[in-house]
Amino acid sequence: MKIMVIGYSGSGKSTLAKYLKKKYQIPVLHLDQLFWLPGWEARPREEMQDMVARFMDTHSSWVIEGNYSKTEYVRRLEEADRIVFLGFNRFSCLYRVWKRYIRYKGRTRTDMGKGCMEKLDWEFIWWILFKGRDKNHKKEYQAVVKQYRAKVVVIHNQRKLNAFYKNPAVNQ
């Protein structure tokens, strides 16, 4: 089983990926963990590309969580048996990020790169509310949903996410 989890920042991609890993006993790859080096420095794209390709080449089943459309994105879409798009509204995402910040403040989450302490700054808030939801991002998600509709599950709210947790084998 191969599952790709995509969606807006703060929508719960990492939490869902951890759940799917445990439920199906398959390896998970958190793309933020690869991308962010200590001190919030970005890893070179080619290096990250190689790491994702190697992960996919060496696992027959996986959960890959994160967007990163320039990192084996088409291959992930093609190979995935299920694509879960978390399309929560911007205010739900901001609230979730705020709760995450309170919980992990001064620490690094397991789904982040080593040394990347949890932060909530104006740049990230702007990303959650506006920049990460611009016309291009929305078009990209709409194209995925349209092109891969037979294997896409779209989840827009907590009620649908709770239902998915109860039965991830059913399309929502």
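Observations, loosely collected:
- Accessible area per residue (1.4 Å probe, heavy atoms of protein chains only) ranks THR108, THR15 as THR15, THR108, with the largest value leading.
- Counting only Cα atoms, the size of segment 31-108 along its three principal axes is 37, 29, 20 Å, in decreasing order.
- Protein heavy-atom accessible surface, 1.4 Å probe, per residue over the chain: 57 Å².
- Apportionment of accessible area to carbon and sulfur, segment 1-107, percent (1.4 Å): 52 percent
- A 1.4 Å probe, protein heavy atoms only, puts the accessible area of LYS99 near 100 Å².
- Taking label positions 7 Å along the Cα-Cβ direction at both SER60 and ASN89, the computed distance is 4.5 nm, reported to one decimal.
- Accessible area of LYS131 (1.4 Å probe, protein heavy atoms only, ligands and nucleic acids ignored): about 120 Å².
- Over segment 66-158, the pair-distance histogram of Cα-Cα distances with 10 Å bins from zero comes to 14, 39, 36, 11, 0 percent, rounded to whole numbers.
- Globularity index of segment 114-172 is 1.48 (Cα radius of gyration / 2.2 N^0.38 Å, N = number of residues).
- Segment 33-74, Rg to Rh (Cα coordinates; Rh as Kirkwood inverse mean 1/r): 0.97
- Computing FRET efficiency as 1/(1 + (r/R0)^6) for LYS23 and ALA53, where r is the C-beta to C-beta distance and R0 is 22 Å, gives about 0.30.
- Surface/4 estimate of mean projected area, convex hull on alpha-carbon atoms of the chain, nm²: 9.4 nm²
- Segment 127-134 - phi-based ³J(HN,Hα) in whole Hz, Karplus 6.51/-1.76/1.60, Gly and Pro as x: 4, 4, 7, 10, 4, x, 10, 5
- Solvent-accessible surface (1.4 angstrom probe) belonging to ARG107, in square angstrom, nearest 10: 120 Å²
- Computed from the C-beta positions of GLU79 and LEU120, the FRET efficiency with R₀ = 35 Å rounds to 0.55.
- Long-range amide H partners of VAL28 with built H, under 5 Å: VAL63
- R0 of 45 Å, Cβ-Cβ distance SER69-ARG103: FRET efficiency to nearest 0.05: 0.95
The values are calculated or read from the model by the stated rules, or taken from the named source; none is laboratory data. Computed from a predicted structure; not experimentally measured. FYI the Cβ positions are ideal-geometry reconstructions off the backbone, even for glycines, and counts take in every protein chain you see. All accessible areas refer to the heavy atoms of the entire protein, side chains included, with ligands and DNA or RNA removed. Shrake-Rupley method; radii C 1.70, N 1.55, O 1.52, S 1.80 Å.
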